[in-house]
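Report on the structure given below.
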Amino acid sequence: MAIIPTDASRMKETARRFASGFSRGQKVVTVIAAVAVVLVAVVFMSLSGKPTYAMLFTNLQPADASAITQQLATNHVPYQLHDGGTTILVPQNQVDQQRLTAAAAGLPSQTTVGLSILDKEGLTTSQLTQQADYLRALQGELEQTIDSISGVTSTQVSIALPANQTFALGNTTPTGASVLVNLQPGHSLTYGQVQAVVSLTASAVPGLSRSSVTVADSSGNLLAGPGVNDTGAAQSSASAAYDSSVQARIGAYLAGVLGVGNADVQVNAQLNFDQVSTRSNLIVNGKNGKPEVVCTSTQQSSEKYTGTGTPAGVQAGAATGGAGNYTQGSASKQCETSTQTQSTVQAPGGVTSQSIAVLVNSKALPKGVSLAQLQAGVAAVAGIKASRGDVLSFSAAPFKSTSTAAAPVVKKSILTTALKPGLAFLLLLVILLLLWRASRRARKASLANDALLDSLALDRLAPVAHVEPPTGELPAIPYVPAHRRSGPTVQEIVDAQSEEVASVLRDWLHQPS
């Protein structure tokens with residue numbers, strides 16, 4: 001619909017009158033507010049129109065990722081790729097539908113690896129095929145199990161088994177297994193986690209020993225395997241665990257006195273990993289306090305002779321005095337002192353010495369508590385022994401305030417993202433409404449002032465009958481049109497001559513109609 005010139009002029013005049021009610025500062029603020037409203041509206045529309053993406057699949061093989069993205073492109077579904085193409089994101093409201101669509105197409109194919117593939121075995125399947133399928137199923141189950149360890153994103157397990165061999169429990173043929181773990185960026189497996197992977201793999205394959213399992217990460221670091229001496233890693237892990245335990249105990253003790261974050265504790269302990277076996281023989285004392293004697297063997301012998309002649313054992317030619325009797329006896333005992341054998345095996349990992357450094361916040365030290373008291377308490381908690389060379393360094397200093405603490409990362413939803421622009425938009429609308437009301441009020445006041453000045457001027461110029469002489473000293477005001485008027489405003493005139501204006505208004509209100 002075209003606008004006729006009359007309407008255009010009227011709209012132009014209305015706009016001019018609307019703008020005339022603003023001061024120069026109000027006009028600048030109005031223009032800035034209008035621009036800000038437009039910008040906020042554009043940002044709000046862009047954010048509200050942008051979908052929120054959620055994970056569809058992760059840890060995908062390249063073939064599965066290619067097939068799924070091709071299917072999404074065919075269905076005109078937007079998607080995003082992350083983690084080198086192994087993770088696919090789609091709009092959150094389409095995750096369930098796209099998973100059902102992918103499952104109907106048999107994607108991803110790797111999800112079927114596991115013991116479930118044995119359901120497809122038939123009666124006519126050969127033994128070699130059954131063995132290969134069972135091997136694949138076992139590898140898939142191990143991969144899913146190891147993937148649940150913290151820090152592991154994906155796993156590849158390969159079990160080496162000689163041909164034409166079954167997984168019988170009595171199989172003594174040596175087997176082997178290799179495990180390749182892909183870790184999260186900046187993450188590494190601890191010694192305990194590596195041993196867990198080795199144990200899981202060895203326990204799942206009959207006849208597989210722990211020494212035949214090789215574990216490596218995606219960076220090429222050999223974590224466990226034949227010929228790998230993990231003694232150093234075990235000792236380092238044990239030392240770190242002991243240091244962390246002592247540090248945690250001391251930190252908890254100081255937090256109860258000074259508060260959290262008012263103490264810094266460092267522990268460096270030296271552990272002895274030598275396994276010592278001691279064997280000792282102890283003499284057992286009896287009730288009387290003397291060593292007990294135990295006779296282990298007793299021997300007795302006796303000899304008797306009756307008759308004439310020379311008895312056996314008597315020197316020949318010696319006179320025997322004729323007939324007679326001969327008797328000879330002997331006895332012997334073998335006794336030993338009672339002893340007790342004791343064997344002692346000292347487990348490795350004993351503390352040889354430890355050095356502990358503690359720094360506390362002097363500003364947080366409560367009244368009535370001295371550093372000596374805290375030091376004595378820390379020594380008792382840590383088990384400091386001066387006889388073995390333990391060192392405890394205890395000092396106090398004011399801590400710097402850490403106001404720039406890392407804020408927790410919060411995943412914003414579309415409602416949270418759009419809330420702030422919406423509030424800003426409403427705030428700008430309120431400001432514009434207030435400015436419009438102020439301009440309208442100023443325009444109405446200007447029109448009222450013009451009407452009042454016109455009425456005062458006409459009242460002074462026109463002859464009036466039956467009117468008492470003017471009593472005020474207000475001079476006559478000549479009539480000047482509003483658009484040509486200059487000088488003081490009505491408000492200024494009223495403030496300067498309030499009594500005279502009040503007298504004129506009373507006379508004007510009491511005029512007969």
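The values are calculated or read from the model by the stated rules, or taken from the named source; none is laboratory data. Note that the structure is predicted; figures quoted are calculated from it, not measured. Because the Cβ atoms are built from the backbone with ideal geometry, glycine has one as well, and the counts that use them run over all protein chains shown. The accessibility values were calculated without ligands, DNA or RNA, using every heavy atom of the protein model including side chains. Shrake-Rupley method; radii C 1.70, N 1.55, O 1.52, S 1.80 Å.
Structural remarks
- Computed from the C-beta positions of Val260 and Ala502, the FRET efficiency with R₀ = 60 Å rounds to 0.25.
- Rolling a 1.4 Å probe over the protein heavy atoms gives region 225-279 an accessible area of 59 Å² per residue.
- Accessible area expressed per residue, region 343-397, with surrounding protein chains retained (probe 1.4 Å, Å²): 55 Å²
- Placing a label point 7 Å from the Cα of Ser362 along the Cα-to-Cβ direction, the residues of region 249-283 with a backbone N closer than 16 Å are 263-264.
- As a rough guide to protection, the peptides 189-201, 360-372 ranked by mean Cβ packing within 10 Å, highest first, stand as 189-201, 360-372.
- Residue list for region 261-295, given a label point 7 angstrom along the Cα-to-Cβ vector of Ala241 and an amide N cut-off under 17 Å: 269-275
- Rounded to the nearest 10 square angstrom, Ile283 shows an accessible area of 110 square angstrom against a 1.4 Å probe.
- Extension gain, Phe273-Asn182: 0.36 nm per intervening residue step, less the Cα-Cα distance, totals 29.5 nm.
- Paramagnetic reach from Val284 in region 341-376 [backbone N under 14 Å; point 7 Å along Cα→Cβ]: 341-342
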